[in-house]
Amino acid sequence: MPDIIQLLPDNIANQIAAGEVIQRPASAVKELLENAVDAGATEIQLLIQDAGKALVQVIDNGKGMSENDARMAFERHATSKIRKVEDLFHIQTMGFRGEALASIAAVAQVSMKTKRAEDAMGTYIEIENSTLQRLEPCAAPQGTSISMKHLFFNVPARRNFLKSNTTELRNIIDEFIRVAMPFPSIKFSLSHNGQEMFHLETGSLKQRLVQLLGHNYNAKLVPVQEETDYLTIHGFIGKPDAARKTRGEQYFFVNKRFIKSNYLHHAVMTAFDNLLAKDSYPAYCLFIDLDPAQVDVNVHPTKQEIKFEDERIIYAFVHAAVKHALAQFSIAPSLDFTLNAEIQQLEAVSQPFTSDKKEAASGSSMYQHFTEKNRAHFIEPSVSNKELKSWKSFFEAAPNKEEAPAQFEFEQKAKSPKWILQPGSPLLQSLNTYIIALTNNGFILVHQQLAHERILYERYVQLAHKHQAPTQKSLFPVQMELPPTDAALLVELLPELTLIGFQIEPFGGNSFVIQGTPADVPTGNEKHSIELLLEQFKHFKSDTTFSKREQVIRCMARQQAVKAGQSLSQKEMLTLIEELLNCDTANLTPSGNPTFISFNEAYIDGLFGR
Ligand code: ADP
Ligand code: MG
């Protein structure tokens, strides 16, 4: 019997290997765009025909290749980006495995024109089925243009696996966005069948995000920026009211590489906490940059997962950074102190730093990397003001190993109010709008209207939840005639209105009878408040962020809240503040504005440089 084992011919081995790297046109798009970025291009064009099935072409003005390199580039394991194993831990480029071009050349017809700045002539090369077809000098501008035609022309089984053009194009656009987002200083464009779909000028990261996510995000992005010696996080989160019912605008990048992580997504979502309507997702684009040695990117080439040396610390860091950004954003601009009162009110900061938590945190490899100067955001009175103490929230947030994310202590709601009023001391109303109340540790400055909005909001939420809202029956039921569109809208909202305590009955045509109202709505005012609600609702309506119920509740809370400018008695002020401090999220309105600002001793001392 003869021996039966044989080496596979190169082109077949390459085809098999290519299956790992190139699954669809979008995979080629990703690899070619990343190569252009790695080549230092400042302008990158992506041209697509037939959702990438006919053509994927990337033109860049990067450093180009010599004739030899142009040939070598298509060999398997040919890369200019690493030379030895240690280099794997210092990767600064998007690619490094040297597999992409070889894979593409194994499953498509590839042609490339490339020229370096220092060369008079460029190189033209054609490869098909892993075999060189042509190699000759040519005239070319500096940079590289690669065309990949007829993907899987030689592997019909895989060609048949490709999805509809709509799906494949969607995948291409996703990859395009993921590469373009972290590089706002590179100009990108994308055309499909000759039509330009994206044209991204260079600018700030925020401008790039708005170009990619849509202009409605212009006023809806909150910056995130935290820095330690070990890692930095920066980027933007969308304001809660811009959150959408659908996912898809959530981006994490680690060292500029797009990653997917449900774990880190959870860290962001819980930082938003109850600022978000149920089942809605805030947009975010967060860049985590850390020493490449702390990340294992050497996983499967097309996988977007990534391994961190200590994932729990990254979780805590992302969570705290987003919370901090949200708290900062909710502070009125005139109170924009470097030291943030809001952040000190967060549970994560105000809860005691217990010894086992301390142990867990200091045991982590990352703990050692924090320098004093970067442990910001917290001042302890015993310490001189210039010296910022450890960012407590950060270490407290470091969860114990066994704990699932949902059980982190910093997510639990404080059941007892943290701000205790000084009993018996008088309350001051300033400008008929602000209430000053002494606490056991300083004072709080309360905005009466925003505070009342929070109180009513939580009350309505509870009522709607219990399905048995108390109604005050009108002695004289009020009849109401509405224009047809308003009538239709009211009918649509009746179930939600009933939930919070309205009793409204259709009375034929466009007429209704109001039989009862929620306990807070003053009688005699019911007709007006329904009309107001309908009016506000019309503005909300295009907004798909919130459920109908949530919108009704928010409208009602805003509408019924006591207004700024109204003088209040001691008793009214006391009730208001006591109820506020008993709220689950006392310090923010439903849309995320502060309801009060706490001036505790440490904070006031800080303001005076003490
Ligand atoms: P990797 O990017 O992992 O190194 P690739 O197969 O994607 O592997 O590319 C192989 C090599 O070809 C790269 O290391 C680089 O030297 C060169 N190369 C690829 N694309 C370009 C480009 N657009 N401009 C300049 N050089 C390129
Ligand atoms: Mg590459």
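The values are calculated or read from the model by the stated rules, or taken from the named source; none is laboratory data. Keep in mind that what you see is a predicted model, and the values were worked out from it rather than measured. Using ideal geometry, Cβ is built from the backbone for each residue, glycine included, and neighbour counts are taken over all protein chains shown. Keep in mind that these areas ignore ligands, DNA and RNA; they rest on the heavy atoms of the full protein, side chains included. Shrake-Rupley method; radii C 1.70, N 1.55, O 1.52, S 1.80 Å.
Count neighbours as other Cβ atoms within 10 Å of each site's Cβ, and list the GluC sites (Glu not before Pro) in the stretch 232-325 that are DSSP loop with at most 13 such neighbours.
Loop-located and lightly packed - 305.
If the only charges are +1 at each Lys and Arg Cβ and -1 at each Asp and Glu Cβ, what is the size of the charge dipole of the stretch 26-89 around the Cα centre, to the nearest 20 debye? Before the final figure, lay out each step's value.
Working: 8 positive and 11 negative charges, 33 e Å.
It works out to roughly 160 debye.
For the stretch 485-589, with all protein chains present and a 1.4 Å probe, just round the carbon and sulfur fraction of the accessible area to a whole percent. Kindly include the intermediate steps, with their values, before the conclusion.
Details: 2390 of 4570 Å².
Here it works out to 52 percent.
Size of the dipole of the stretch 520-610 about the Cα centre, Lys and Arg at +1 and Asp and Glu at -1 on the beta carbon, nothing else charged, in debye to 20?
Approximately 360 debye in magnitude.
Hey, with R₀ at 41 Å, roughly what FRET efficiency would residue 150 and residue 467 work out to, going by the Cβ-Cβ distance, to 0.05?
Approximately 0.10, to the nearest 0.05.
With a 1.4 Å probe and all protein chains kept in place, how much accessible area does residue 579 have, in Å² rounded to the nearest 10?
Counting only protein heavy atoms, residue 579 exposes about 70 Å² to solvent.
Would you be so kind as to identify which of 589, 442, 487 lies farthest towards the positive end of the dipole of the stretch 428-599, taking Lys and Arg as +1 and Asp and Glu as -1 on Cβ and the Cα centre as origin?
Ranked along the dipole, the leading option is 442.
Give me the Kirkwood hydrodynamic radius of the stretch 428-599 in Å, from all C-alpha pairs, to one decimal place? If you can, show how the numbers build up before the last one.
Working: mean 1/r = 0.0587 Å⁻¹.
In the stretch 428-599 this quantity evaluates to 17.0 Å.
Just need the relative contact order of the stretch 94-168 here, percent rounded to a whole number, with Cα pairs under 8 Å and 6+ apart.
In percent, rounded to a whole number, it is 30.
Kindly report, to the nearest 10 Å², the accessible surface of residue 583 as traced by a 1.4 Å probe over protein heavy atoms only.
That residue has around 20 Å² of solvent-accessible surface.
Working with all protein chains in place, sort 596, 443 by solvent-accessible area computed with a 1.4 Å probe, largest first.
Highest to lowest solvent-accessible surface, that is 443, 596.
Suppose every Lys and Arg Cβ carries +1 and every Asp and Glu Cβ carries -1, with no other charges. What dipole size does the stretch 207-335 come out with about its Cα centre, to the nearest 20 debye? Could you put the intermediate results ahead of the total?
On the way: 14 positive and 14 negative charges, 135 e Å.
With only Lys, Arg, Asp and Glu charged at Cβ, the dipole is about 640 debye.
Mind giving me the FRET efficiency for residue 559 and residue 422? R0 is 25 Å, r the Cβ-Cβ distance, nearest 0.05 is fine.
Numbers: r = 33 Å, r/R0 = 1.31.
According to the calculation, E is roughly 0.15.
Grab the Cα-Cα distance for residue 83 and residue 163, subtract it from 0.36 nm times how many residues apart they are, and report the gain in nm with one decimal.
Between residue 83 and residue 163, full extension yields an extra 25.0 nm.
If R0 is 56 Å, what FRET efficiency do you get for residue 585 and residue 3 from their C-beta distance, rounded to 0.05? Don't jump to the answer; show the numbers that get you there.
Values: r = 74 Å, r/R0 = 1.33.
Calculated transfer efficiency: 0.15.
With a 1.4 Å probe and every protein chain left in place, tell me how much accessible area residue 310 has, in Å² to the nearest 10.
Number for this one is 20 Å².
Given the options 266, 320, 254, identify the residue whose Cα lies farthest towards the positive end of the charge dipole of the stretch 207-335 (+1 on Cβ of Lys, Arg; -1 on Cβ of Asp, Glu).
266
Which value results when the Cα radius of gyration for the stretch 10-201 is divided by 2.2 N^0.38 Å?
That works out to 0.97 for the stretch 10-201.
Once you order the gyration tensor axes a ≥ b ≥ c over the Cα atoms, which shape class does the stretch 430-475 get: rounded for a/c under 1.5, otherwise prolate or oblate by comparing a/b with b/c?
prolate
Defining a contact as two alpha carbons under 8 Å apart and six or more residues distant in sequence, what relative contact order in percent does the stretch 94-221 show?
Relative contact order here is 16 percent.
Roughly how many nanometres apart are two label points built 7 Å out from the Cα toward the Cβ at residue 13 and residue 528?
So the two model labels end up 8.5 nm from each other.
Compute the label zone of residue 193 within the stretch 8-42: residues whose backbone N is under 20 Å from the point 7 Å along Cα-to-Cβ.
25-26, 29
Using a 1.4 angstrom probe on the protein heavy atoms only, line up 153, 253, 599 by accessible area, largest first.
Ranked from most to least accessible, the order is 153, 599, 253.
Please report the net charge: other residues with Cβ closer than 13 Å to the Cβ of residue 579, K and R +1, D and E -1.
Computed value for this residue: -3.
Rounded if a/c is under 1.5, else prolate if a/b is larger than b/c, else oblate: which is the stretch 207-335, with a ≥ b ≥ c the root eigenvalues of its Cα gyration tensor?
It comes out prolate by the Cα gyration axes.
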